[in-house]
Protein chains: 2
Amino acid sequence: MNQQQLFEEIQKKRSFLCVGLDTDIQKIPPHLLETSDPVFSFNKEIIDATAEFSVAYKPNLAFYESLGSKGLVSLEKTVAYIKENYPEIFLIADAKRGDIGNTSNLYARAFFGEQDFDAVTVAPYMGEDSVKPFMTYPGKWVILLALTSNKGAFDFQFIEDRETGDKLFETVLKKSQQWGSEENLMYVVGATKAEKLKEIRAIVPNHFLLVPGVGAQGGSLQEVAHNGLNSKCGLLVNSSRGIIYASGEVDFAEKAKEAAREVQQEMEALLQEAGLI
Amino acid sequence: MNQQQLFEEIQKKRSFLCVGLDTDIQKIPPHLLETSDPVFSFNKEIIDATAEFSVAYKPNLAFYESLGSKGLVSLEKTVAYIKENYPEIFLIADAKRGDIGNTSNLYARAFFGEQDFDAVTVAPYMGEDSVKPFMTYPGKWVILLALTSNKGAFDFQFIEDRETGDKLFETVLKKSQQWGSEENLMYVVGATKAEKLKEIRAIVPNHFLLVPGVGAQGGSLQEVAHNGLNSKCGLLVNSSRGIIYASGEVDFAEKAKEAAREVQQEMEALLQEAGLI
């Protein structure tokens, strides 16, 4: 999927919502635990309930890996289900991978060859050769961690470079632009650091940003939109717990749908305000 | 496994060799491709051939994930085989994970709960709450990326902090020491940067270091040992391709054994020279 296609989906659905499929077996409604694959059953219902309000899904790999190889089977079924039924939806593997070049090649094969994700999140610490292998697949995307939503972001990401004065996350943004383009590279910027979005937009005016941290983590959608929207929207805002665990009972899918619709309506107003729809 | 036990294994085997089980289906000897699980068949023979010369095994997750969920099954079988037959061997998941706290918790559950690894490699970019969840399992270890062996290490790891003058990898070493101890925290330091090992030893005199990059990547074992050994050895030096692909034919296990023995003998001499055995 290219940038223009993603923008058109955003305009069509009047939404830039990404639903985080962080499916924790310990939080799945009890009645689903009797099915042969509770994680997939849960995901399938969540997807069917929220697809009309979402332009992206983002399973975080940790939730699947914590169940061993059978968790990976649930993930593969989820990916196949989305690709078959909602091929227009942008599918992100939130994996935060990154290794030496020949090994990152294999991670790229895992997410873009073996599975059919559109994008994978990548950690920048190991530099260029750890990131570029993910960019060799046409139509596929790297989403590089820049400024994350967690408290630990303050440990290293704000360190100022003695030579340039740039903070580490700014250096990541600047240097990585030489590795890809706005057609294969996005950045993670946490909603909890929304006040930084204006400065970040000055460095990467045209790239899409994946913004986690709205909702349970405390970020504000309004602030994210006001500081982060660009001429092609340029934002995918993720919500996980606020949507998929809106209810822990048999009505979980219905409640997830209501929660997704609510976010979509807020996003529609923000897109209209910005003249993007 | 604690530090003393690891040191005792090193003394017993007169080796600080870690064999990287980076098993690439495309490099497995053809005759194994007819078995029901070629990756596990290959690993099993490699392990049986090299266990007497190795104190650690390190499967890199990318090689298994690139085969989808069936690759994870091969990995689970490999882990179970090592734990059952060679329980004294230190088992490292080279996964380079790291996510927000509640998600790192799940990765920790994946590697230490669902599987039975002794250690997992973790990327530091997201800071304290991304690292600490891995330290809550008694006897289990975090191996934090400090200075990696690849070319991309120069992109960010050498950035100097305007306030302290420390390079980023030095800041990682210094700050992370507050998160754990030499009983649950090791560091990755690439052999290709062996000249830095003396400075690194000044910062972390007592921690174990996992050193990749000897062999195919060009690092020198002599230089690593001379700059990195401490009073409890303090080094695990990894070799992958040089051992597991010493031959691509039916004699692959025998040749791997010879290659492992050769490294072990070199290590024995270095341990003797340092008065550690």
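Key figures
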quantity	calculated
Some residue of the range A:249-269 being closer than 19 Å to A:VAL39 by Cβ, in contact with a Pro (Cβ under 7 Å, 6 or more places away or on another chain), of a type outside the set (Phe, Trp, Tyr) and in contact (Cβ under 8 Å) with a residue 24 or more places away in the chain	yes
Criterion violated by A:GLN5 - all others in (1) polar (S, T, N, Q); (2) surrounded by 24 or more Cβ atoms within 10 Å (Cβ to Cβ); (3) out of contact with any Leu (no Cβ under 8 Å at 6 or more places or on another chain) satisfied	(2)
Residue, farthest from the chain's Cα centre (by Cα), within the range A:46-60, restricted to residues that are outside any helix (DSSP H, G or I) and among the aliphatic types (A, V, I, L, M)	A:VAL55
Subset of the range B:237-271 (residues that are assigned to a helix (DSSP H, G or I) and of a type outside the set (A, V, I, L, M, F, W, C))	B:ARG241, B:GLY242, B:GLU254, B:LYS255, B:LYS257, B:GLU258, B:ARG261, B:GLU262, B:GLN264, B:GLN265, B:GLU266, B:GLU268
Checking A:TYR125 against (1) within 17 Å of B:SER130 (Cα to Cα); (2) surrounded by fewer than 22 Cβ atoms within 10 Å (Cβ to Cβ), the condition it does not meet	(2)
Some residue of the range B:181-201 being assigned to a loop (DSSP other than H, G, I, E, B), within 14 Å of chain A (Cβ to nearest Cβ) and either in contact (Cβ under 8 Å) with a residue 40 or more places away in the chain or more than 18 Å from the chain's Cα centre (by Cα) (or both)	yes
Test set (1) touching a Lys or Arg at 6+ places or on another chain (Cβ under 9 Å); (2) at the interface with chain A (Cβ under 10 Å from one of its Cβ atoms); (3) surrounded by fewer than 24 Cβ atoms within 10 Å (Cβ to Cβ) - B:ASP118 fails condition number	(2)
Within the range B:29-61, tally of residues that are within 14 Å of another protein chain (Cβ to nearest Cβ) and without any contact (Cβ under 8 Å) to a residue 24 or more places away in the chain	0
Of all residues in the range A:121-142 being aliphatic (A, V, I, L, M) and more than 7 Å from chain B (Cβ to nearest Cβ), the one that is farthest from A:GLU195 (Cα to Cα)	A:MET135
Failed criterion for B:LYS77 (all others in (1) in contact with a helix residue (DSSP H, G or I) (Cβ under 7 Å, 6 or more places away or on another chain); (2) of a type in the set (Lys, Arg); (3) closer than 30 Å to B:ALA194 by Cα hold)	(3)
The range B:143-180: number of residues that are at the interface with chain A (Cβ under 7 Å from one of its Cβ atoms), in contact (Cβ under 8 Å) with a residue 60 or more places away in the chain and touching a strand residue (DSSP E or B) at 6+ places or on another chain (Cβ under 6 Å)	0
Some residue of the range A:204-219 being modelled with pLDDT of 95 or more and part of a helix (DSSP H, G or I)	no
Residues within the range A:150-207 that are crowded, with 19+ Cβ neighbours inside 10 Å and among the small types (Gly, Ala, Ser), tallied	6
Members of the range B:62-94 found to be facing chain A (nearest Cβ under 9 Å), under 15 Å from the mean Cα position of the chain (by Cα) and under 26 Å from A:LYS77 (Cβ atoms), listed by number	B:ALA62, B:PHE63
Unique match (being out of contact with any Lys or Arg (no Cβ under 6 Å at 6 or more places or on another chain), within 12 Å of another protein chain (Cβ to nearest Cβ), outside any helix (DSSP H, G or I) and surrounded by 19 or more Cβ atoms within 10 Å (Cβ to Cβ)) among A:THR23, A:THR103	A:THR23
Residue satisfying condition, being in contact (Cβ under 8 Å) with a residue 12 or more places away in the chain, surrounded by 15 or more Cβ atoms within 10 Å (Cβ to Cβ), out of contact with any Cys (no Cβ under 6 Å at 6 or more places or on another chain) and on the phi > 0 side of the Ramachandran plot, within set A:GLY213, A:GLY218, A:GLY242, A:GLY228	A:GLY213
Among residues of the range B:26-40, those that are assigned to a helix (DSSP H, G or I) and either of a type in the set (Lys, Arg) or buried (at least 20 other Cβ atoms within 10 Å of the Cβ) (or both), counted	3
Output for the range B:137-149, where each listed residue is buried (at least 24 other Cβ atoms within 10 Å of the Cβ) and assigned to a loop (DSSP other than H, G, I, E, B)	B:THR148
Residue satisfying condition, being at pLDDT 95 or above, touching a Phe, Trp or Tyr at 6+ places or on another chain (Cβ under 9 Å) and either surrounded by 19 or more Cβ atoms within 10 Å (Cβ to Cβ) or in a loop (DSSP other than H, G, I, E, B) (or both), within set A:PHE134, A:PHE63	A:PHE134
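The values are calculated or read from the model by the stated rules, or taken from the named source; none is laboratory data. The model shown is predicted, which means the values in this text are computed figures rather than measured ones. Because the Cβ atoms are built from the backbone with ideal geometry, glycine has one as well, and the counts that use them run over all protein chains shown.
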